Amino acid sequence: MIRLVSIVLIIVCLLTLTACRQAAPTSMIEIQDQDNEDGTIIISFAIDGAGWLVLHPATSGGDPDTSEELTKSPITGAGEFNDVEITMPEAIDEDQTFFLMLYYDDPADGKFTSADSVVEVAGEVVQDSFTVPAVPPYIEMTQNVSAGTTTIKGLTYEAGLVMVLRPSTPEGEMDTSTMLKAWMIQRAGPFSYTITTPAILDEGDILFAVLHYDDPDDGLFTYTPDGDEDLPVEVDGDIVVGSLEISD
């Protein structure tokens, strides 16, 4: 099941955009640029009346799922709008396709309802689609030496995972027999935690953060290196782990 995280459609100054307005432009929508690293899309669109710009997910068959509106932004009147920036949704488990569609605000009541019809030109629905690549779980770690803190950031694809901090062995490997701290991640999606850097660690030691399942689902962390409970999360055969060399 795909979980969508932080679904936001940001139309920059949409209500005040007046450049290139025409009396009755031909309705259209076009995705001009997609930057997966920055998580942004640049679009241009035109509409011949007041309406809505709506973001829909795709169905399993690849068509727009018009039963679900992820976001909607009002368009106050006919006009052309260029270089509008949108922040993409995030698809975690697998690549996900989304559709941008234009609707008329008809009746003109400022409310998006089932009565508002899609905009069509020559019998074709005015829409464009884009695909967001999957983002696997990950962990990144940074240290604020002066504050004595460590920040752990990352992404999970499901709630109820356990974050575990471990020291390193003398050889610099993760010591799976020793746990410094553990807590449960309550929500799927991006996370960020700032903790006090464990005092037990000296300069040059390595701090590891690793994701584990809570399996069985009992709220207890019962992992052992030779056991089969609360195993580490893996992606393509590699455990999801972050590491940080401690500085003083």
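Only the coordinates and a few stated rules stand behind these numbers; no lab work does. Given the structure is predicted, the values throughout are model-derived calculations rather than measurements. Here the Cβ positions follow ideal geometry from the backbone for every residue, glycine too, while neighbour counts run over all protein chains shown.
Given Cβ point charges of +1 (Lys, Arg) and -1 (Asp, Glu) and nothing else, what value in debye, to the nearest 20, does the dipole of the chain about its Cα centre take?
1020 debye
What is the ratio of the Cα radius of gyration of the range 32-86 to 2.2 N^0.38 Å, with N the residue count, to two decimals?
1.28
For residue 111, list the lysines whose Cα falls under 30 Å from its own Cα; do not include residues on the same chain fewer than 8 positions away.
72
Do you know the relative contact order of the range 200-248, to the nearest whole percent, from alpha carbon pairs under 8 angstrom that are 6+ apart?
RCO, the range 200-248: 52 percent.
Tell me the Rg and the Dmax, in Å, that the Cα atoms of the chain produce.
23.9, 74
Determine the shape class of the range 18-125: with a ≥ b ≥ c the square roots of the Cα gyration tensor eigenvalues, call it rounded for a/c under 1.5, and otherwise prolate if a/b is greater than b/c, oblate otherwise.
oblate
Which lysines have a Cα lying under 16 Å from the Cα of residue 153, excluding residues fewer than 8 positions away in the same chain?
Leaving aside lysines fewer than 8 places away in the same chain, those within reach of residue 153 are 181.
Quick check: residue separation of residue 108 and residue 68 times 0.36 nm, minus the Cα distance between them. What number comes out in nm?
Stretched fully, the residue 108-residue 68 segment lengthens by 12.3 nm.
In nm², what is the average projected area of the convex hull enclosing the Cα atoms of the range 138-245?
Projected over every direction and averaged, the Cα hull of the range 138-245 covers 6.8 nm².
Mind listing the long-range amide H neighbours of residue 175? Cut-off is under 5 Å, sequence gap 5 or more, other chains count too, H placed in the peptide plane at 1.01 Å from N.
Amide H to amide H, under 5 Å and 5 or more residues apart or across chains, residue 175 pairs with 168, 169.
Take peptides 169-181, 35-47 and line them up by average Cβ neighbours within 10 Å, highest first, as a rough protection proxy.
35-47, 169-181
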